[in-house]
Amino acid sequence: MNSEDTPLRPSGLPPAAATRTRFGAARPARRGFLRAGLTGAAVLGTGVTLGAVPASGASRGTSRRPSTPQEALRELTAGNERWRTYREKHPDETPAVRQTLTSGQHPFAVVLGCVDSRVPPELVFDQGLGDLLTVRTAGEVLDEAVLGSIAYGVLELEIPLVLVLGHQSCGAVRAAVEADISGEELPAHIQYLADQIAPNIDRAKEGDARVDSTIDANIRAVHARLAAEPDLAAKVSAGQLAVVGARYELSDQHVHRLA
């Protein structure tokens, strides 16, 4: 880890960047259609509660969900602390919550993470059904489908936080680094992933240190690209969104902020 790394916690929002839109401004009629057709207009329009909260505290209502970037970061931080100290609550899994979610969703964070089976966001942050909108690709690689999925969460579901979550010992990053060294072509579509990660390789380091440093560089690069997306940047500028880069350590299950 670099000396500048800090625990995942609320802080100043990332600056807005760029002015040209990739996704284009959503027209009111189309936005209304998407909300009604894919999430349930009632949930987005009125903030319907996700069922009663049982005495065990294993679920929470929509009215208690994080609604600002700072609140969303605090919730993820608290959830990760529960996870790493074996005090998980496993929230929002009750029959009442499951039934309520048939009519819509109101997640409070988008998590772009790696496909690695050791880093499932709902477990790492001790969240449940309807809490996170998760998008997972090897090495957090971006493409139009991923960008569109994130934009959907921010623009249509009005999610206040986008978290780019990389992790220690990322196999996709290692494959990209090793292919860069050997010059060998990787199988089929895996080469595409390596090509996307390659610009972020830290060639100033050697061996495992190169892989580890590249993991951080890749997280920061993906974060920077998302923060520069005009539609997201506009939300950041308005104080309605934070785009954050973070890293999960397999060794101690801790998530700390990089960007």
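Structure notes:
- The sole residue among Leu132, Leu101 that is of a type in the set (A, V, I, L, M, F, W, C) and under 29 Å from Ile215 (Cβ atoms) is Leu132.
- Some residue of segment 132-155 being acidic (Asp, Glu), modelled with pLDDT of 95 or more and over 19 Å from Ala228 (Cα atoms): no
- Condition check for Val162: touching a strand residue (DSSP E or B) at 6+ places or on another chain (Cβ under 9 Å), under 15 Å from Gly113 (Cα atoms) and of a type in the set (A, V, I, L, M, F, W, C): yes
- Residues within segment 160-196 that are within 30 Å of Ala234 (Cα to Cα) and under 19 Å from the mean Cα position of the chain (by Cα), tallied: 10
- Considered as a group, the residues in segment 235-259 that are among the aliphatic types (A, V, I, L, M), out of contact with any Phe, Trp or Tyr (no Cβ under 8 Å at 6 or more places or on another chain) and buried (at least 18 other Cβ atoms within 10 Å of the Cβ) include one that is modelled with the lowest pLDDT, and that residue is Ala259.
- Every residue from segment 160-171 that is buried (at least 17 other Cβ atoms within 10 Å of the Cβ) and without any contact (Cβ under 8 Å) to a residue 60 or more places away in the chain: Cys170
- Unique residue being closer than 20 Å to Val135 by Cα and not in a helix (DSSP H, G or I) when the list is Arg225, Arg247: Arg247
- Residue match in segment 59-66 (condition: crowded, with 16+ Cβ neighbours inside 10 Å, at pLDDT below 95 and among the charged types (D, E, K, R)): yes
- Residues located in segment 85-109, provided they are assigned to a helix (DSSP H, G or I) and closer than 10 Å to Leu129 by Cβ: Val97, Arg98, Thr100, Leu101
- Looking across segment 82-124 at every residue that is within 21 Å of Arg136 (Cα to Cα), in contact with a Pro (Cβ under 9 Å, 6 or more places away or on another chain) and small (Gly, Ala, Ser), the one that is surrounded by the fewest Cβ atoms within 10 Å (Cβ to Cβ) is identified as Gly113.
- Exclusive hit being within 13 Å of the chain's Cα centre (by Cα) and crowded, with 19+ Cβ neighbours inside 10 Å, set Leu133, Leu157: Leu133
- Tabulated pairs, segment 92-103, first on the phi > 0 side of the Ramachandran plot, second modelled with pLDDT under 95, C-beta under 6 angstrom, 6+ apart or interchain: Asp92/Ser59
- Those residues of segment 106-141 which are within 17 Å of Leu232 (Cβ to Cβ) and either touching a helix residue (DSSP H, G or I) at 6+ places or on another chain (Cβ under 6 Å) or among the basic types (Lys, Arg) (or both), in sequence order: Phe108, Ala109, Val110, Val111, Leu112, Leu133, Val135, Glu140
- Qualifying residue in segment 110-120 (condition: part of a loop (DSSP other than H, G, I, E, B), at pLDDT 95 or above, small (Gly, Ala, Ser) and out of contact with any Ser or Thr (no Cβ under 8 Å at 6 or more places or on another chain)): yes
- Test: Ala176 is assigned to a helix (DSSP H, G or I) and closer than 19 Å to Thr137 by Cβ: yes
The values are calculated or read from the model by the stated rules, or taken from the named source; none is laboratory data. From a predicted model like this one, the values you see are computed outputs, not experimental measurements. Methodologically, a virtual Cβ is constructed for each residue, glycine included, from the backbone with ideal geometry; neighbour enumeration extends over all protein chains shown.
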